[in-house]
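Here's the structure, in structure tokens; my notes come after.
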Amino acid sequence: MKSFENKVVMITGAARGQGRNHAVKFAELGAKLIVCDICEDIEGVTYSLGTEEQFSVCLEEITHKTNGQVVSARCDVRDSTSVTRLAEQGIKRFGRIDVLVNNAGVCNIKPAWEINDVDWDAMIGVNLTGTWNSCKAVIPVMKNQHYGRIINVGSIAAMKGIPNLVHYTAAKHGVAGLTKALAIDLAPYGITVNCICPGSVDTDMLAGLAPEIEADVYEAKTLFASYHLLPGLIQPEDTTELVMWLASDASRSVTGAVWNMDRGWAQR
Ligand SMILES: NC(=O)c1ccc[n+]([C@@H]2O[C@H](COP(=O)([O-])OP(=O)(O)OC[C@H]3O[C@@H](n4cnc5c(N)ncnc54)[C@H](O)[C@@H]3O)[C@@H](O)[C@H]2O)c1
């Protein structure tokens, strides 16, 4: 039997990058999937977000791997009604939600004095409020099941202050705080809540941030990798490994944890 056979997994921001990698791996391991992506750009973020095309490619792959066991929507995690609707559609189709991976996120690099209200709202809205909206949408069904795994995606910026990222750092520290407090409330119901904190991951987000530091993509990747103790960037399959473990029954004794996967960045 595949390790996620009969499990229902909801993932936000699945069109590309880490979210897509998680979705494909869960599909390979037998899960049924509920996925969303915004598929359009938003104010306060200078790089392009996932596109309809990227989302379609992901959907095609996971639909094939799961024999059609996929519920999907174009949905903005800032909109709590849309996220709740997506979760309800998933519950109607599959009867339960076992795992939530709160992956959707955005970044923008600016010194504190240049951060305007739009930048601030984008960072807090997607990274923090979006995470909460998805938690809120799955808590009732997970409580009824007396089972659930919630995995929030933080960042090294959830563990320490990062220059030119006041708004992103505030949002991701919020995600870590939300994780710790929610773990307490949900523990009596057999639901674990954990947060993973990657360093620099080799995705379109990282490449998209290059112009903000006046670099080309190669220079930006070299700079972001230089923050790590171990050489090189983190790959999406690395974060997927940690997500899979936290989603599995093997992690049953872990809750309220904020895990770094940062190639040693936190020790700098
Ligand atoms: N790439 C990194 O170096 C890095 C480092 C630390 C943490 N992270 C975090 O990892 C997560 C995944 O990032 P990634 O590197 O795969 O980036 P990415 O930009 O490649 O993928 C993020 C996906 O989320 C989607 N998304 C953005 N806003 C959304 C919204 N409002 N509603 C629904 N979907 C939305 C995007 O369209 C995109 O498809 C994010 O939470 C990010 O903050 C990334």
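Scanning the range 25-34 for residues that are surrounded by fewer than 24 Cβ atoms within 10 Å (Cβ to Cβ) and either touching a residue at least 60 places away in the same chain (Cβ under 8 Å) or within 14 Å of the chain's Cα centre (by Cα) (or both) gives Lys25, Leu29.
In the range 83-102, is there at least one residue being open to solvent by 10 Å² or more (accessible area, probe 1.4 Å) and within 16 Å of the chain's Cα centre (by Cα)? Scanning the range 83-102, I find no residue that is open to solvent by 10 Å² or more (accessible area, probe 1.4 Å) and within 16 Å of the chain's Cα centre (by Cα), so the answer is no.
A quick yes/no check of all residues on (1) closer than 20 Å to Val175 by Cβ; (2) of a type outside the set (Phe, Trp, Tyr); (3) touching a Ser or Thr at 6+ places or on another chain (Cβ under 9 Å):
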position: Pro231; (1), (2), (3): no, yes, no
position: Ile234; (1), (2), (3): yes, yes, yes
position: Trp245; (1), (2), (3): yes, no, yes
position: Ser251; (1), (2), (3): yes, yes, yes
position: Trp265; (1), (2), (3): yes, no, yes
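Residues that are open to solvent by 60 Å² or more (accessible area, probe 1.4 Å) and either touching a Pro at 6+ places or on another chain (Cβ under 7 Å) or not hydrophobic (A, V, I, L, M, F, W, C) (or both): does the range 190-200 have at least one? No, there is no match, as no residue in the range 190-200 is open to solvent by 60 Å² or more (accessible area, probe 1.4 Å) and either touching a Pro at 6+ places or on another chain (Cβ under 7 Å) or not hydrophobic (A, V, I, L, M, F, W, C) (or both). Would you mind finding the one in Leu165, Leu182 that is more than 12 Å from the ligand (Cβ to nearest atom) and either surrounded by 16 or more Cβ atoms within 10 Å (Cβ to Cβ) or among the β-branched types (Val, Ile, Thr) (or both)? When all the criteria are applied, what remains is Leu182.
For the range 1-24, filtered to residues that are among the polar types (S, T, N, Q) and within 17 Å of the chain's Cα centre (by Cα), the residue that is farthest from the ligand (Cβ to nearest atom) is Asn21.
Taking into account only those residues within the range 47-65 that are more than 10 Å from the ligand (Cβ to nearest atom) and under 18 Å from the mean Cα position of the chain (by Cα), which is most open to solvent (accessible area, probe 1.4 Å)?
To start, the set of residues in the range 47-65 that are more than 10 Å from the ligand (Cβ to nearest atom) comprises 52-53, 56-57, 59-65.
When the remaining residues are screened for being under 18 Å from the mean Cα position of the chain (by Cα), the result is 59, 62.
On the way: Leu59: 36, Ile62: 0 Å².
Looking at residues that are more than 10 Å from the ligand (Cβ to nearest atom) and under 18 Å from the mean Cα position of the chain (by Cα), I get Leu59.
The set of residues in the range 1-54 that are part of a strand (DSSP E or B) and of a type in the set (D, E, K, R) comprises Lys32, Asp37.
Do we have any residue at all in the range 123-134 that's away from the ligand (no atom under 12 Å from the Cβ) and either within 19 Å of Thr240 (Cα to Cα) or more than 15 Å from the chain's Cα centre (by Cα) (or both)? Within the range 123-134, not a single residue is away from the ligand (no atom under 12 Å from the Cβ) and either within 19 Å of Thr240 (Cα to Cα) or more than 15 Å from the chain's Cα centre (by Cα) (or both). For Lys160, the stated conditions hold: it is under 26 Å from Ala122 (Cα atoms), within 13 Å of the ligand (Cβ to nearest atom), surrounded by fewer than 19 Cβ atoms within 10 Å (Cβ to Cβ) and basic (Lys, Arg).
Within the range 204-223, residues that are touching a residue at least 12 places away in the same chain (Cβ under 8 Å) have Cβ atoms under 7 Å from residues that are outside any loop (DSSP other than H, G, I, E, B) and basic (Lys, Arg) in these pairs: Leu206/Lys221, counting only partners at least 6 apart in sequence or on another chain. When Gly44 is tested against the conditions (1) surrounded by fewer than 17 Cβ atoms within 10 Å (Cβ to Cβ); (2) within 22 Å of Glu212 (Cβ to Cβ), the lone failure is (1). Taking the condition without any contact (Cβ under 8 Å) to a residue 60 or more places away in the chain, open to solvent by 30 Å² or more (accessible area, probe 1.4 Å) and within 16 Å of the ligand (Cβ to nearest atom), does Leu242 pass? No, not satisfied. Just one of the listed residues (Arg93, Arg74) is within 14 Å of the ligand (Cβ to nearest atom) and either of a type in the set (Asp, Glu) or farther than 20 Å from Asn194 by Cα (or both), and it is Arg74.
The values are calculated or read from the model by the stated rules, or taken from the named source; none is laboratory data. Keep in mind it's a predicted model, so treat the numbers as computed, not measured. Cβ atoms come from the backbone with ideal geometry, glycine included; neighbour counts cover every protein chain shown. Remember, those area values only see protein heavy atoms, side chains included, never the ligands or the DNA or RNA. Shrake-Rupley method; radii C 1.70, N 1.55, O 1.52, S 1.80 Å.
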